[in-house]
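Engineer: Input: one structure, supplied below.
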Amino acid sequence: MAPDGGDPAAPVICVDGPGGSGKSTLAALLADSLQWRHLDSGALYRLVAAAALERGMSLEDREALAGLAARLDFRFEDADPAVSGEAPGPDIRSEPVGAAASTIAAYPELRSAILSRQRAARRPPGLVADGRDMGTVVFPDAPLKIYLDANPEVRAERRNKQLKNKGLNVSFRALLVGIHERDARDRERAAAPLKPAGDAVVIDSTAMNLDEVLGQALALVRERGLDR
């Protein structure tokens with residue numbers, strides 16, 4: 001076992017990409033198909049952001065946020081990770097929490113505090129991890145890295161549909177502006193900027209439906225011998 005609690009012998013499939021590209025959905029489907037574990041790394045940052053907002057903490061206090069991340073007792077039994085022993089806070093899938101998470105995820109101190117939690121999820125029979133730096137920083141030795149992309153308008157429309165299905169009325173224009181802003185923050189940050197790993201397979205899902213994306217990803221899984 002690795003010092004951080006993960007198992008370096010367990011295979012990993014990384015699914016990285018910008019917000020709204022569908023990486024979490026794809027990763028969950030791959031994990032279900034392979035009967036592997038699934039790590040939604042973005043949810044960890046959302047949990048820290050939600051906890052900080054609940055406590056009224058400043059989103060500019062990097063050291064305090066890193067300390068909060070180190071103290072939180074994450075659990076992964078449910079579809080979304082949660083914090084053990086705490087009452088539910090703000091919805092981690094809400095837009096305010098997402099915006100806060102995007103802001104604090106740029107802090108190297110916070111990313112360092114969460115890194116060991118992410119790597120600890122690497123356990124048999126295997127892990128499908130989605131995020132923005134899974135293939136470049138967290139699991140650079142992963143045998144399969146996918147970078148899932150789509151143009152901003154399509155990503156905003158998908159997010160708009162998801163929120164409407166939850167009964168939330170949101171502005172498409174505001175969602176599109178938010179996506180452009182998050183893309184800029186993610187790509188320009190000094191710590192683990194958003195970019196495809198050098199050995200990643202890029203899938204542009206702009207003109208593809210979910211079945212087509214999943215089919216292409218499963219073909220890559222078979223090609224790498226990860227379905228055995």
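The values are calculated or read from the model by the stated rules, or taken from the named source; none is laboratory data. All values derive from a computational prediction rather than experimental measurement. In this analysis, Cβ positions are derived from the backbone assuming ideal geometry, glycine residues included, and neighbour counts consider all displayed protein chains. Remember, those area values only see protein heavy atoms, side chains included, never the ligands or the DNA or RNA. Shrake-Rupley method; radii C 1.70, N 1.55, O 1.52, S 1.80 Å.
Engineer: Do you know the relative contact order of the range 84-221, to the nearest whole percent, from alpha carbon pairs under 8 angstrom that are 6+ apart?
Structural biologist: Working: 103 pairs, mean separation 43.3, N = 138.
For the range 84-221, the relative contact order is 31 percent.
Engineer: In addition: Sorting check: for 200-212, 38-50, 93-105, which peptide has the highest mean count of neighbouring beta carbons within 10 Å, and how do the rest follow? Mind showing how you got there, number by number?
Structural biologist: Working: 200-212: 14.6, 38-50: 24.7, 93-105: 19.4.
With the highest mean Cβ count within 10 Å placed first, the list reads 38-50, 93-105, 200-212.
Engineer: Rolling a 1.4 angstrom probe over the protein heavy atoms, how many square angstrom per residue are accessible across the chain?
Structural biologist: Heavy-atom accessible area per residue stands at 47 Å².
Engineer: With a 1.4 Å probe and every protein chain kept in, tell me what percent of the accessible surface of the chain is carbon plus sulfur. Please list the in-between numbers first.
Structural biologist: On the way: 5530 of 10710 Å².
Answer for the chain: carbon and sulfur cover 52 percent of the accessible area.
Engineer: For residue 166, which lysines qualify as cross-link partners when the Cα separation must be under 23 Å and same-chain residues fewer than eight apart are set aside?
Structural biologist: 23
Engineer: Rounded to the nearest 500, what is the 222 nm mean residue ellipticity of the chain from helices alone, with -39500 (n - 2.57) per DSSP H run of 4+ residues and division by all residues? Write down the numbers at each step before the final one.
Structural biologist: Working: 8 runs with 105 residues, N = 228.
Result for the chain: -14500 deg cm²/dmol, rounded to the nearest 500.
Engineer: Which aspartates and glutamates does residue 164 reach when only Cα atoms under 19 Å apart count, and residues fewer than 8 places away in its own chain are ignored?
Structural biologist: Counting by Cα, and skipping residues close in sequence, residue 164 has these aspartates and glutamates nearby: 91, 95, 153.
Engineer: Also, quick follow-up: According to the Kirkwood expression over distinct Cα-Cα pairs, how big is the hydrodynamic radius of the range 174-228, in Å?
Structural biologist: Radius from the Kirkwood sum: 13.8 Å.
Engineer: Read through the labelled values [x] 18.3; [y] 17.9; [z] 19.8 and report the label of the one computed as Kirkwood radius over Cα pairs in Å from the structure.
Structural biologist: Looking at Kirkwood radius over Cα pairs in Å for this model, the match is [y].
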